[in-house]
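Data block below; observations after.
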Amino acid sequence: MSWKSIAAVVLGVVAGIATAVMILAPDDRPAPIKTTGSPLIGGPFALVDPTGKRVTNKDFAGRPMVVFFGFTNCPDVCPSGLQVLGAALDKAGDKAKSVAPLFITVDPERDTVEKMGPYVKSFHPSIIGLTGTPDEVAAAVKVYRVYALKVPNKDDPNRYNVDHSSFFYLMDSHGNYVKHFPHTTDVDTLAQAIAALT
């Protein structure tokens, strides 16, 4: 047998072994993660509406909700978000009439019942402003997984701001999370999502 034939046989054996190793070797790549269920966003709350009436999540049972957290002294994020929400409610038309748009304060110390009512109505007559005791608001913030942190003013200890997350949470008529959008979402997108809730 010539050296060329021997080399060809050796190469063939090596290639065969390499192929077998690739086919039979265990795959070291991690298996894809499978997820089930839905995000744990939303749940029971007990707050006060602009008329002074105590309300809970059960008062909105059977109605889809759009829930937005903020505060009346918010300089930019909350007003712009509420403007988008108001315009989206108008654009969704009759389909928005069964939806409960809620604006829940993250600043219960300053956002009294008397202050919340006129504030939210300046953006849209359908928006319901909710406040409560610090503990009640903290409970609502917790079940919606909202970030909210009081930030003192370095120049004036009597003043403060509140850093907070700013999402529209869309909940179905059973209070279950559907999806969320940032406050910068365009009006058409939010209107379509609101209409789809009904």
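Some observations on this one:
- Selection status of Val162, touching a residue at least 24 places away in the same chain (Cβ under 8 Å), buried (at least 18 other Cβ atoms within 10 Å of the Cβ), part of a loop (DSSP other than H, G, I, E, B) and not polar (S, T, N, Q): no
- Unmet criterion (only one of (1) at pLDDT 95 or above; (2) under 13 Å from Ala193 (Cα atoms)) for Lys95: (1)
- Taken together, the residues in the stretch 118-135 that are out of contact with any helix residue (DSSP H, G or I) (no Cβ under 9 Å at 6 or more places or on another chain) and crowded, with 18+ Cβ neighbours inside 10 Å amount to 0.
- Any hit, the stretch 61-83, residues being touching a Lys or Arg at 6+ places or on another chain (Cβ under 8 Å), open to solvent by less than 40 Å² (accessible area, probe 1.4 Å), at pLDDT below 95 and not in a strand (DSSP E or B): no
- All of Lys97, Lys154 fail the test of being within 22 Å of Asp59 (Cα to Cα) and of a type in the set (Lys, Arg), apart from Lys97.
- Taken together, the residues in the stretch 182-198 that are surrounded by 19 or more Cβ atoms within 10 Å (Cβ to Cβ) and at pLDDT 95 or above amount to 4.
- Count - residues of the stretch 136-157 that are open to solvent by 90 Å² or more (accessible area, probe 1.4 Å) and acidic (Asp, Glu): 1
- For the residues Ser98, Ser173, the requirement of being part of a loop (DSSP other than H, G, I, E, B), touching a residue at least 60 places away in the same chain (Cβ under 8 Å) and more than 14 Å from Val67 (Cβ to Cβ) singles out Ser98.
- Of all the residues in the stretch 146-162, those that are within 24 Å of Glu136 (Cβ to Cβ) and in contact with a Lys or Arg (Cβ under 7 Å, 6 or more places away or on another chain) number 2.
- Selection of first residues in the stretch 133-154 that are free of Cβ contacts under 8 Å to residues at least 12 places away in the same chain and of second residues that are surrounded by 12 or more Cβ atoms within 10 Å (Cβ to Cβ), restricted to Cβ pairs under 8 Å at least 6 apart or on distinct chains, gives the following pairs, ordered by first then second residue: Pro152/Tyr160; Asn153/Tyr160; Asn153/Asn161.
The values are calculated or read from the model by the stated rules, or taken from the named source; none is laboratory data. Keep in mind that what you see is a predicted model, and the values were worked out from it rather than measured. Please note: Cβ atoms are built from the backbone with ideal geometry, for glycine as well, and neighbour counts cover all protein chains shown. Just so you know, the surface numbers come from the protein's heavy atoms only, side chains and all, with ligands and any DNA or RNA stripped out. Shrake-Rupley method; radii C 1.70, N 1.55, O 1.52, S 1.80 Å.
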